[in-house]
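> Sharing a structure below in structure tokens format, with a few things to ask.
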Amino acid sequence: MRKSLSERITNDLGRVFFKEFATTHTIDGKEMPVILTQVETEEVRMSYGLMKATLNPKEKQLYRDVWELYVQKKDLERKITPNSTINLDGKNMWVWNIYDTEGLYKILIGRHGV
């Protein structure tokens, strides 16, 4: 029986693409091969509102880091949605968006810091 195109793409993702480019990371306590690329680091100046009131008076700026995380669907045990959190290598990250393609999730994650 011939495989469909989507089945062949899914097989190639795990067999070729992830073996070449993935590194092992821990997501929510489970080690798995992922592709992680940092998209941007941006300085964010907070000058008003509640955020300024919660900062130490000596700290005038925040930063925002954004990463793209590619994970095979078969490796994730739970459903991840935008505005949820995941634990990546012991650090809690905010999920900003998730894209579902053939056998693969592209997840935009990030964090803020002082």
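The values are calculated or read from the model by the stated rules, or taken from the named source; none is laboratory data. It should be emphasised that the depicted structure is a prediction, and the values quoted were computed from it without experimental measurement. Methodologically, a virtual Cβ is constructed for each residue, glycine included, from the backbone with ideal geometry; neighbour enumeration extends over all protein chains shown. Ligands, DNA and RNA are stripped out before the accessible areas are found, and what is left, the full protein with its side chains, is counted by its heavy atoms. Shrake-Rupley method; radii C 1.70, N 1.55, O 1.52, S 1.80 Å.
> Among the residues in region 93-104, are any of a type outside the set (A, V, I, L, M) and modelled with pLDDT under 80? Explain how you work it out, then say what you get.
If we filter region 93-104 for residues that are of a type outside the set (A, V, I, L, M), which is where we start, we get 94, 96-97, 99-103.
If we keep only those that are modelled with pLDDT under 80 as well, we get 102-103.
Yes, that holds for at least one residue.
> Then there's this: When you look at TYR48, is it modelled with pLDDT under 80 and open to solvent by 70 Å² or more (accessible area, probe 1.4 Å), yes or no? Before you say what the answer is, go through the steps one by one.
Details: modelled with pLDDT under 80: yes; open to solvent by 70 Å² or more (accessible area, probe 1.4 Å): yes.
It is true that TYR48 is modelled with pLDDT under 80 and open to solvent by 70 Å² or more (accessible area, probe 1.4 Å).
> Pairs only if they're at least six apart or on different chains, beta carbon under 7 angstrom, first in region 1-25 and over 20 Å from THR37 (Cα atoms), second modelled with pLDDT under 80 and open to solvent by 50 Å² or more (accessible area, probe 1.4 Å); list them, first residue then second.
Here the result reads SER6/GLU102; ILE9/GLU102; THR10/GLU102, each pair linking region 1-25 to a residue that is modelled with pLDDT under 80 and open to solvent by 50 Å² or more (accessible area, probe 1.4 Å).
> Is one or more of the residues making up region 30-43 open to solvent by 90 Å² or more (accessible area, probe 1.4 Å) and at pLDDT 90 or above?
Scanning region 30-43 turns up at least one residue that is open to solvent by 90 Å² or more (accessible area, probe 1.4 Å) and at pLDDT 90 or above.
> Then there's this: Which of the residues that make up region 71-96 are open to solvent by 60 Å² or more (accessible area, probe 1.4 Å) and of a type in the set (A, V, I, L, M, F, W, C)?
If the condition is that a residue be open to solvent by 60 Å² or more (accessible area, probe 1.4 Å) and of a type in the set (A, V, I, L, M, F, W, C), then TRP94, TRP96 are the ones that fit.
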